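S.K.: Have a look at this one before I ask anything.
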Amino acid sequence: MRMVDIIDKKRNGGELTADEIQTFVDGVVSGEIPDYQISAFLMATYFNDMTAAERSALTMAMMQSGDHLDLSSIDGITADKHSTGGVGDKTSIPLAPIVGALGISVPMISGRGLGHTGGTLDKLEAIPGYTVEISEDAFLQQVRDVKCAIVGATGNIAPADKKIYALRDVTDTVDSIPLIASSIMSKKIASGTDALVIDVKTGSGAFMKTLDDSRELAHALVEIGKGVGMDCMAVISDMNQPLGNAIGNALEIQESIDILKGQGPQDITDLVLTLGAHMVVMAKKANDLATARAMCERTIADGSALKTFGDMIAAQGGDRSVIDHPEIMPQAKYQIDLPAKTSGVVSTVKADEMGIASMLLGGGRQKADDQLDYAVGIMMHKKVGDAVTAGEPLLTIYSNRENVDDIQDLLYDNIQISDSADPITLIHETIR
Ligand code: URA
């Protein structure tokens, strides 16, 4: 079977067989298919989509391209959460210890930042000593002992995705439903979790900008998961404005600690509790969402979630004193307020551009090998619907360079103040 014929079939809108998809994935992993043919295949898929059968064949071939984690040594139902990526989305960081504090095992394999979106692993690495690379044995032991771990993909999980992902990033084929669905689900199936809640982001800061596309992605993800017997569901949540107030690695750890202390911003706290409640029900520790949510809330009120977070940090080599002394994380040299130019109501805060501003300050990567500056980022003081008076700070820029004129211009261009604002709905839909 020649790769050019497979590309031709997809380019002309044909449906690929499982064998053809397997040939593509095998060739990606062995290195026999050159990058230009992989890229052509990705672009043909981007434009012509894939049927449900093709999406699931691609996912399975990518999943089988590497190792599988064996979670059988962990008692009970394992539950995980994955987000399709957003700005200010530190949800996993408080969520894993909240659910873990209820005795549910949360073996969480997370990712790094991509484009304007932040990555959970990058944020956790702002904590002195915290390592996201631990052996499979240590990972399993930690989940048994502490009940949660947040790590990078151990060993050789879905190597086809690593190669394809890197090419998608540079061929502008990231925001494709079959490519996102196969990328996420190949890793999640290989990581062996029993139950999975997927947080599908929708809006300007998400890869899927419209609710229709987000819904289609959510259905594709859930269908693939259920097809392999995973208990899988999706929540579609808003990503038109940043989630919470903090954007940037150390700032987001600080905000995660605030959430665990019951002092976090309302939107992100609400999302964490919503996702946590679904995980608790899926793990069969509660029969209904209201009870499950109250259980999650209790772990915050009684301090057990914060203690579990400290235990997780310590187990992964980090300094748990960060909980009471966030100043041990890298600190920015300059804190520069961005004053409102007019009075009114904040009507738009474009999430993607806020993410880009944080990336340009050094908080994200512009090239794959860029070193991150953990200290920098943005702290929002006003969000959509908030009243503001001219001169009042809309946000504070945390920077290690004194001149941030370029960042200020970008931020002003993407925050709108009007007479009124349309309210933002945080949770749009739940898909099972
Ligand atoms: N996260 C992934 O792992 N893959 C994607 O394609 C998008 C988000």
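S.K.: Report those strands (runs of 3 or more DSSP E) wholly inside region 314-432 carrying at least 2 residues which are in contact with a strand residue (DSSP E or B) (Cβ under 8 Å, 6 or more places away or on another chain) and open to solvent by 20 Å² or more (accessible area, probe 1.4 Å).
M.R.: 334-339, 344-349, 393-399, 415-418, 427-431
S.K.: Of the conditions (1) farther than 18 Å from LEU260 by Cα; (2) in contact (Cβ under 8 Å) with a residue 24 or more places away in the chain; (3) open to solvent by less than 10 Å² (accessible area, probe 1.4 Å), GLU136 satisfies every one except a single condition; which number is it?
M.R.: (3)
S.K.: Taking the options MET62, MET43, name whichever one is within 13 Å of the ligand (Cβ to nearest atom), out of contact with any strand residue (DSSP E or B) (no Cβ under 6 Å at 6 or more places or on another chain) and either open to solvent by less than 30 Å² (accessible area, probe 1.4 Å) or modelled with pLDDT of 95 or more (or both).
M.R.: Sole residue among the options that is within 13 Å of the ligand (Cβ to nearest atom), out of contact with any strand residue (DSSP E or B) (no Cβ under 6 Å at 6 or more places or on another chain) and either open to solvent by less than 30 Å² (accessible area, probe 1.4 Å) or modelled with pLDDT of 95 or more (or both): MET62.
S.K.: Scan region 169-184 for residues that are under 17 Å from the mean Cα position of the chain (by Cα) and assigned to a helix (DSSP H, G or I) and jot them down.
M.R.: Hits for region 169-184 are ASP169, ILE177, LEU179, ILE180, ALA181, SER182, SER183, ILE184.
S.K.: Out of (1) open to solvent by 10 Å² or more (accessible area, probe 1.4 Å); (2) within 14 Å of the ligand (Cβ to nearest atom); (3) assigned to a loop (DSSP other than H, G, I, E, B), what's the single condition that is false for ARG55?
M.R.: (3)
S.K.: So how many residues does region 67-111 have that are within 16 Å of the ligand (Cβ to nearest atom), in a loop (DSSP other than H, G, I, E, B) and without any contact (Cβ under 8 Å) to a residue 60 or more places away in the chain?
M.R.: 2
S.K.: Please work out which residue is farthest from SER105 (Cα to Cα), limiting yourself to region 125-184 and to residues that are of a type in the set (D, E, K, R) and away from the ligand (no atom under 15 Å from the Cβ).
M.R.: Going residue by residue through region 125-184, those that are of a type in the set (D, E, K, R) are 125, 133, 136-137, 144-145, 147, 161-163, 168-169, 172, 175.
In the following step, the residues that additionally are away from the ligand (no atom under 15 Å from the Cβ) were identified as 125, 133, 136-137, 144-145, 147.
Values: GLU125: 22, GLU133: 19, GLU136: 15, ASP137: 15, ARG144: 7, ASP145: 9, LYS147: 5 Å.
The qualifying residue farthest from SER105 (Cα to Cα) is GLU125.
S.K.: Sticking with this one: Applying the selection to region 46-82, what residues are charged (D, E, K, R) and touching an Asp or Glu at 6+ places or on another chain (Cβ under 9 Å)? Break it down into steps so the answer makes sense when it comes.
M.R.: Of all residues in region 46-82, those charged (D, E, K, R) come to 49, 54-55, 67, 70, 75, 80-81.
Selection gives GLU54, ARG55, ASP67, ASP70, ASP80, LYS81.
S.K.: Residues that are within 16 Å of the ligand (Cβ to nearest atom) and open to solvent by less than 40 Å² (accessible area, probe 1.4 Å): does region 20-33 have at least one?
M.R.: Yes; the residues of region 20-33 include at least one that is within 16 Å of the ligand (Cβ to nearest atom) and open to solvent by less than 40 Å² (accessible area, probe 1.4 Å).
S.K.: Using beta carbons and a limit of 6 Å, which pairs, at least six apart or on different chains, have the first residue in region 255-269 and open to solvent by less than 40 Å² (accessible area, probe 1.4 Å) and the second one aliphatic (A, V, I, L, M) and not in a loop (DSSP other than H, G, I, E, B)?
M.R.: GLU255/ALA246; SER256/ILE93; ILE257/ILE323; LEU260/ALA305; LEU260/LEU306; THR269/ILE259
S.K.: In region 185-209, how many residues are in a loop (DSSP other than H, G, I, E, B) and more than 11 Å from the ligand (Cβ to nearest atom)?
M.R.: Total satisfying the criteria: 8.
The values are calculated or read from the model by the stated rules, or taken from the named source; none is laboratory data. This is a predicted model, so every value here is computed, not measured. A quick note on method: Cβ atoms are made from the backbone with ideal geometry, for glycine too, and the neighbour counts reach across all protein chains shown. Areas reflect the complete protein model, heavy atoms only, side chains present, ligands, DNA and RNA absent. Shrake-Rupley method; radii C 1.70, N 1.55, O 1.52, S 1.80 Å.
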